[in-house]
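Note sheet for the following structure.
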Amino acid sequence: MACMTDNTAPRRASAARRDESCPRGRPREFDTAAVLTEAGKVFWRNGFHATSVDDLCNATGVLRGSLYGVFGDKHGIMMAALDHYAEGAIAGLVERLNANVPPDVALRNALLHHTRTASTLTGCFITNSTLELQPDDEALHAKIRAIQRRVVTLLAAAVIRGQAAGVFNSDLDEKAVADFLLCMTQGLRVLNKCKRKEDELKAVVDVAMRALT
């Protein structure tokens with residue numbers, strides 16, 4: 001029989017070194033929304049696979065054990081951060097689409113939002129996550145599909161309002177138009193990552209708006 005050795009000491013030392021690389025924070029008492037905002041920025045900038053747990057600890061100021069205790073693992077942190085980001089993004093879309101302006105102006109303004117760069121974070125957290133999707137990540141697939149369905153529902157309602165006001169072609173199928181607009185906005189975010197000029201992206205929005213009349 002092979003001799004059994006005690007491997008726990010090296011593991012404990014390794015874990016201690018990992019925890020020392022993270023800023024010391026309160027062991028579970030933290031502002032979840034603030035933590036998810038900062039974690040989301042890291043995932044947005046680096047992508048899921050290039051982000052380490054140490055990166056998340058450093059960005060949030062929360063210990064590894066505390067993050068894992070609440071979110072489970074790095075994938076769980078990513079999923080929660082994506083949810084948090086999506087809620088804010090969808091709330092912003094609702095506000096822009098329901099602004100007190102004609103429905104075509106509201107929709108155009110909502111689409112133009114996707115032509116702008118958010119400081120140093122290019123693209124969109126949701127779009128970037130979609131591009132990085134692994135075929136076997138069913139949980140992330142389902143989450144992104146759910147987010148997309150919510151966006152399509154809002155865009156379809158905006159199209160219906162425009163049709164009722166007589167500014168959009170009443171023969172257009174609102175669901176198909178909403179899917180088209182979703183594809184276009186995601187494409188704008190990808191082009192945005194390539195440092196395209198805002199005026200070039202605005203021209204794409206204008207073409208899309210003409211297609212609705």
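Since every read-out is calculated from the coordinates, none of them should be taken as a lab result. Only a predicted model underlies this, so the values are computations on that prediction, with no experimental measurement involved. Ideal geometry is used to build each Cβ from the backbone, glycine not excepted, and the neighbour counts take in all protein chains shown.
Considering the alpha-carbon set of segment 21-211 alone, what are its Rg and its Dmax in angstrom?
Values for segment 21-211 (Cα only, Rg and Dmax): 18.5, 60 Å.
What is the local net charge at ASN169, summed over the other residues whose Cβ is closer than 13 Å to its Cβ (Lys, Arg +1; Asp, Glu -1)?
-3
If you only keep lysine pairs separated by 8 or more in sequence, or across chains, how many in segment 21-211 come under 26 Å at the Cα atoms?
So the count of such lysine pairs works out to 12.
Can you put CYS194, CYS183, CYS57 in order, fewest other beta carbons within 10 Å first?
Least crowded to most crowded, the residues run CYS194, CYS183, CYS57.
Around LEU155, under 12 Å between beta carbons, what's the net of Lys plus Arg minus Asp minus Glu among the other residues?
+3
Provide the net charge surrounding ALA203, with neighbours chosen by a C-beta distance below 14 Å and charges set as Lys +1, Arg +1, Asp -1, Glu -1.
Net local charge, ALA203 excluded: +1.
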